[in-house]
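The values are calculated or read from the model by the stated rules, or taken from the named source; none is laboratory data. From a predicted model like this one, the values you see are computed outputs, not experimental measurements. We place every Cβ from the backbone using ideal geometry, glycine too, and count neighbours over all the protein chains shown. We work out accessible area using only protein heavy atoms, side chains counted, and drop any ligands, DNA or RNA first. Shrake-Rupley method; radii C 1.70, N 1.55, O 1.52, S 1.80 Å.
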Amino acid sequence: MTDYVQTHGLRESATFPREVIAEIQRAAATGIYDIRGWGAKRKVPHFDDLLFLGASMSRYPLEGYREACATDVRLGTRNARFPLHLDIPVTIAGMSFGSLSANAKEALGRGASEAGTSTTTGDGGMSTEERGQSKHLVYQYLPSRYGMNPDDLRKADAIEVVLGQGAKPGGGGMLLGQKITERIGKMRTLPVGIDQRSASRHPDWTGPDDLTIKIAELREITDWEKPIYVKVGATRTYYDVKLAVHAGADVVVVDGMQGGTAATQNVFIEDVGIPTLAALPQAVQALQELGVHREVQLIISGGIRTGGDVAKALALGADAVSIGTAALIALGDNDPALDEQYRALGSAAGYYDDFQDGRDPAGISTQDPDLMARLDPVAAGKRLANYLRVLTMEAQTIARACGKSHVQHLEPEDLVALTIESAAMARVPLAGTNWIPGA
Ligand SMILES: Cc1cc2nc3c(=O)[nH]c(=O)nc-3n(C[C@H](O)[C@H](O)[C@H](O)COP(=O)(O)O)c2cc1C
């Protein structure tokens, strides 16, 4: 095709490239909008656009083998009697049981526990597989209330009140009928096999003042033991973080627009919200102005893939990061060994994002018992634990090179930006200059 295009001097339109043409044709043929999983695919300023300034003459590095560099983090120290104490600053984000198979949820619990971190429930409630294998389990309290019950709330180690997700701030969840089995339908009180679209806002509060009352209620139900997180999709982050703190959050979770999803309209994923890199400094500024930075912990998510990303997020002021898509890849999602099977579904390994379909050959985003049985939760959990260890060691390597004895000691002063956009968003100087645009 490329040869043909070149020899015939054909010219592609920048405004109407082939994928845009294909989408117009698909929409015209079907009359339905595109729903998919994964996160934003457009390129936005990200952690790739930042670099660390390692130590040299003016800074002194730590010796890798002899000098310790700690990685632990406490979450929920503001009010909870039992804050979480995690070994690593990388947590597993909430992903619904329903979007994911029971084996995948079990594997997430196993991997997180082995690496000394927490995992999180999601829309649809708490599965026995996940609770059974998770040392630290965060229970999501979502607008849909699917699977929600006070007994499970008390079985959790922390509560996360979800106001929004980076992939769809302002939007509700979707779960297509093919994934609503007897078990999923029973947990959510939904008819089997019927498409479900869940609420975009909580039914019992309309603003931050009501949220204060709801958080107080959740604290009473859990006897002031468990940390209460508030999760928001990144939009007006500066104000949202201030309001979350005002409402009583112990931990604020900010999910950037690259954040993954199980099933959302493509237009939502690509066109709503702001990049993780733009949201993080706004969140830190809000916490600093309220004098609660580090007292109310900040978790950032949306496109975290490497230890470099982890280190950069911490340097910009996050206390921890959370991962969704990368955790699924570690379990076995998009495995090249399954390429033929992905192709049979009209996709390919490395491209598969039809998490809504329920036909995942890796046995992860499915409720089909035969497909689900393909995922061995023990082996998948081991892969996730390995990956989490690599993320942590990479972040530690960078922290040592910057002379820090704890990954948390990384700071904006350790960073420079490669582009004017990323310098302005991250509020660090453009590399080789002292210039922070807009400062
Ligand atoms: C399969 C899948 C299911 C998800 N389900 C939920 C959910 O039930 N509740 C929620 O708050 N976020 C959900 N999310 C979003 C994640 O919690 C998290 O915000 C996001 O995945 C982070 O971005 P990343 O995927 O780039 O790491 C889901 C994400 C994925 C990939």
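Some values worked out for this structure:
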read-out: Test: residue in segment 357-373 that is within 14 Å of the ligand (Cβ to nearest atom), open to solvent by 10 Å² or more (accessible area, probe 1.4 Å), part of a helix (DSSP H, G or I) and modelled with pLDDT under 95; value: yes
read-out: Members of segment 228-244 that are away from the ligand (no atom under 16 Å from the Cβ) and not hydrophobic (A, V, I, L, M, F, W, C); value: 236, 238, 239, 242
read-out: Residue check for residue 10: surrounded by 10 or more Cβ atoms within 10 Å (Cβ to Cβ) and not in a helix (DSSP H, G or I); value: no
read-out: Of all residues in segment 25-41 being modelled with pLDDT of 95 or more and open to solvent by 90 Å² or more (accessible area, probe 1.4 Å), the one that is nearest to the chain's Cα centre (by Cα); value: 41
read-out: Identity of the residue in segment 250-300, among the small types (Gly, Ala, Ser) and open to solvent by 10 Å² or more (accessible area, probe 1.4 Å), that ends up farthest from the chain's Cα centre (by Cα); value: 291
read-out: Condition broken by residue 389, with the remaining ones in (1) of a type outside the set (A, V, I, L, M); (2) outside any helix (DSSP H, G or I); (3) open to solvent by 20 Å² or more (accessible area, probe 1.4 Å) satisfied; value: (2)
read-out: Looking only at segment 68-89, and only at residues there that are touching a His at 6+ places or on another chain (Cβ under 6 Å) and open to solvent by 30 Å² or more (accessible area, probe 1.4 Å), the one that is farthest from the ligand (Cβ to nearest atom); value: 70
read-out: Yes/no for residue 339 being away from the ligand (no atom under 12 Å from the Cβ), in contact with a helix residue (DSSP H, G or I) (Cβ under 9 Å, 6 or more places away or on another chain) and over 23 Å from residue 166 (Cβ atoms); value: no
read-out: Residue ID - nearest to residue 277 (Cα to Cα), chosen from residues in segment 398-430 that are of a type in the set (Ser, Thr, Tyr) and surrounded by fewer than 24 Cβ atoms within 10 Å (Cβ to Cβ); value: 419
read-out: Count of segment 106-128 residues which are under 18 Å from residue 190 (Cβ atoms) and under 15 Å from the mean Cα position of the chain (by Cα); value: 3
read-out: Residue match in segment 90-100 (condition: open to solvent by 50 Å² or more (accessible area, probe 1.4 Å), of a type in the set (A, V, I, L, M, F, W, C) and touching a residue at least 24 places away in the same chain (Cβ under 8 Å)); value: no
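Conditions (1) open to solvent by 10 Å² or more (accessible area, probe 1.4 Å); (2) over 29 Å from residue 276 (Cα atoms); (3) touching a residue at least 24 places away in the same chain (Cβ under 8 Å), marked per residue:
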{"position": "179", "(1), (2), (3)": "no, yes, yes"}
{"position": "184", "(1), (2), (3)": "no, yes, yes"}
{"position": "191", "(1), (2), (3)": "yes, yes, no"}
{"position": "225", "(1), (2), (3)": "yes, yes, yes"}
{"position": "231", "(1), (2), (3)": "yes, no, yes"}
{"position": "236", "(1), (2), (3)": "yes, no, no"}
